Amino acid sequence: MSSLQAPRGTFDVLPADAARRAVLETHARRILGAAGYGRIETPTYEATELFARGVGEATDIVQKEMYSFDDGGGRSMTLRPEGTAPVCRAYIEHGMHKQPQPVKLWYLSSFFRAEAPQKGRYRQFWQVGAEAIGAAGPETDAELIILMADLYRAAGVRDLHLRLSSLGTAETRREYREELAAYLHAHEDGLSPEVISRIDLNPMRAFDADDRRTQETMRSAPILLDRLAPEDAEHFERVKALLDEAGLTYQLDPALVRGLDYYARTLWEFTSGALGAQSAVGGGGRYDGLIEQLGGPPTPASGWAAGVERMLLAAGEQPVPTDVVDLFVAIAARDSPQAQDAGFKLANEARRAGLSAQLELAGRGLKGQLKHADRLGARYVAIIGDPMQISLKDMEAGDQTEIAPEAVIPTILRGSRVA
Ligand code: HAM
């Protein structure tokens, strides 16, 4: 084997896997298209500053996980680690605030994060994402969450759980962080050293700690959800009521933390019990301040992204439709240039007529060609010996008839058996 391999944390998508991905893409297009989302594709890399300002200087993504490079002209560029900041950049750049709001966009793209690779965690991975920009209401959040659940259902994701929270406004969060940090400092003897070291950096992390004593201490910690401003609490109540009405079950998780700084108000994450440690199949939230932060007009927005590889892993084995082969063109007289030409022509004409057709290209003997046609599941095999006489074999019925070359395609198009 060559010593050249795909870079660590990346993978090749081979045809069988590509077929599963194509099915997933069809579901995404159908579900999001039916709700009025238009496809968007942004560049694979952007100015580093976009992510630093958009995702947040203090996040793990920006601090440790970005693939950044000099574009040759002294400007720092970064392979996109996520899609929300680029979509907002495009919204601003193309003046989309002048269009009827909300502007609803979806994407299926690959993203890059320099993380330690493990099952379900890669350095290049794909996401299906949806962003609704320019709508402030709780209906938008609830609709987005329901669309996400619809995608998981269509994809066959098993053992799905939804965790839901609200972060309130930046001001509520600032006050809450201070209150939580004060609580943690006052209870340091009930916390692990690691949690203590992070109190002033990110007190919310204490809710995630594995340490038993810390978990015990956190049971009486102040909860952000109890401190929401009245209008934020009302927004959240309405989101919950709409999800209840849609029959979607969720678990309130006041300690839900996501690794991106742009969120405000509604926040959610879907996990699958069919996955291991990397159980998040997707997440999202409202990000009302982001567009303004990137230099656009104040614009409310909400959205989500679902990990393609994790959805496929969480779905397990799924039946994938195989490609139909209508016609296999076998060459019996392999030494005859006329037979070769006739076969080549027949395969091309069959494709132009809308059939799927494959030509023998590997120089197999006739027996090997028929075996190969069978392996491909070909409906018909045209066997070319004398170029003026073609034997058309109906693989299902097993019968074989001599017909004129021009009769081959019409016969297959009629789908009729060889008479
Ligand atoms: P995120 O939670 O960072 O959110 O990523 C969304 C999903 O992408 C994760 O739940 C996971 O399924 C998948 N994912 C993330 N990192 C990896 C990785 N290294 N390998 C495999 N899969 C991964 C966002 O990216 C936000 N932009 C979502 C959003 C859109 N919020 C608002 N709009």
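Using the structure shown, decide if Thr271 is among the β-branched types (Val, Ile, Thr) and within 11 Å of the ligand (Cβ to nearest atom).
Criteria met by Thr271.
Among (1) open to solvent by 50 Å² or more (accessible area, probe 1.4 Å); (2) away from the ligand (no atom under 16 Å from the Cβ); (3) on the phi < 0 side of the Ramachandran plot, where does Gly295 come up short?
Condition not satisfied by Gly295: (3).
Evaluate the following for Tyr91: is it at pLDDT 95 or above and either buried (at least 23 other Cβ atoms within 10 Å of the Cβ) or among the aliphatic types (A, V, I, L, M) (or both)?
On the way: at pLDDT 95 or above: yes; either buried (at least 23 other Cβ atoms within 10 Å of the Cβ) or among the aliphatic types (A, V, I, L, M) (or both): yes.
Yes: the conditions hold for Tyr91.
Which residue is farthest from Pro138 (Cα to Cα), if the candidates are limited to the range 298-315 and must be open to solvent by 30 Å² or more (accessible area, probe 1.4 Å) and in contact with a helix residue (DSSP H, G or I) (Cβ under 9 Å, 6 or more places away or on another chain)?
Pro298
Identify the single condition in (1) assigned to a loop (DSSP other than H, G, I, E, B); (2) in contact (Cβ under 8 Å) with a residue 24 or more places away in the chain that Asp335 does not satisfy, given that it satisfies every other one.
Going through the list (1) assigned to a loop (DSSP other than H, G, I, E, B); (2) in contact (Cβ under 8 Å) with a residue 24 or more places away in the chain, Asp335 breaks only (2).
Are any of the residues in the range 253-263 open to solvent by 60 Å² or more (accessible area, probe 1.4 Å) and either among the aliphatic types (A, V, I, L, M) or in a loop (DSSP other than H, G, I, E, B) (or both)?
So the first thing to find is which residues in the range 253-263 are open to solvent by 60 Å² or more (accessible area, probe 1.4 Å), and the list is 261.
Still in the running and either among the aliphatic types (A, V, I, L, M) or in a loop (DSSP other than H, G, I, E, B) (or both): 261.
So far as the range 253-263 goes, yes, one or more of its residues are open to solvent by 60 Å² or more (accessible area, probe 1.4 Å) and either among the aliphatic types (A, V, I, L, M) or in a loop (DSSP other than H, G, I, E, B) (or both).
Given the criteria more than 30 Å from Gln118 (Cα to Cα), open to solvent by 30 Å² or more (accessible area, probe 1.4 Å) and touching a residue at least 24 places away in the same chain (Cβ under 8 Å), does Val324 qualify?
Values: more than 30 Å from Gln118 (Cα to Cα): yes; open to solvent by 30 Å² or more (accessible area, probe 1.4 Å): yes; touching a residue at least 24 places away in the same chain (Cβ under 8 Å): yes.
Answer is yes for this residue.
For the range 121-133: of the residues being more than 6 Å from the ligand (Cβ to nearest atom) and closer than 17 Å to Ile61 by Cα, which is surrounded by the fewest Cβ atoms within 10 Å (Cβ to Cβ)?
Gln124
Go over the candidates Asp200, Asp150, Asp211 one by one and state the one that is free of Cβ contacts under 8 Å to residues at least 24 places away in the same chain, over 27 Å from Glu57 (Cα atoms) and open to solvent by 40 Å² or more (accessible area, probe 1.4 Å).
Step by step, each of Asp200, Asp150, Asp211 is checked, and only Asp211 is free of Cβ contacts under 8 Å to residues at least 24 places away in the same chain, over 27 Å from Glu57 (Cα atoms) and open to solvent by 40 Å² or more (accessible area, probe 1.4 Å).
Are any residues in the range 369-388 in a helix (DSSP H, G or I) and open to solvent by less than 70 Å² (accessible area, probe 1.4 Å), and if so, which ones?
Within the range 369-388, Gln369, Leu370, His372, Ala373, Leu376 qualify.
Determine whether the range 353-368 contains at least one residue that is of a type in the set (Gly, Ala, Ser), under 16 Å from Met395 (Cα atoms) and open to solvent by less than 30 Å² (accessible area, probe 1.4 Å).
Among the residues of the range 353-368, at least one is of a type in the set (Gly, Ala, Ser), under 16 Å from Met395 (Cα atoms) and open to solvent by less than 30 Å² (accessible area, probe 1.4 Å), which makes the answer yes.
The values are calculated or read from the model by the stated rules, or taken from the named source; none is laboratory data. It should be emphasised that the depicted structure is a prediction, and the values quoted were computed from it without experimental measurement. Using ideal geometry, Cβ is built from the backbone for each residue, glycine included, and neighbour counts are taken over all protein chains shown. Heavy atoms of the whole protein, side chains included, go into the accessibility calculation; ligands, DNA and RNA do not. Shrake-Rupley method; radii C 1.70, N 1.55, O 1.52, S 1.80 Å.
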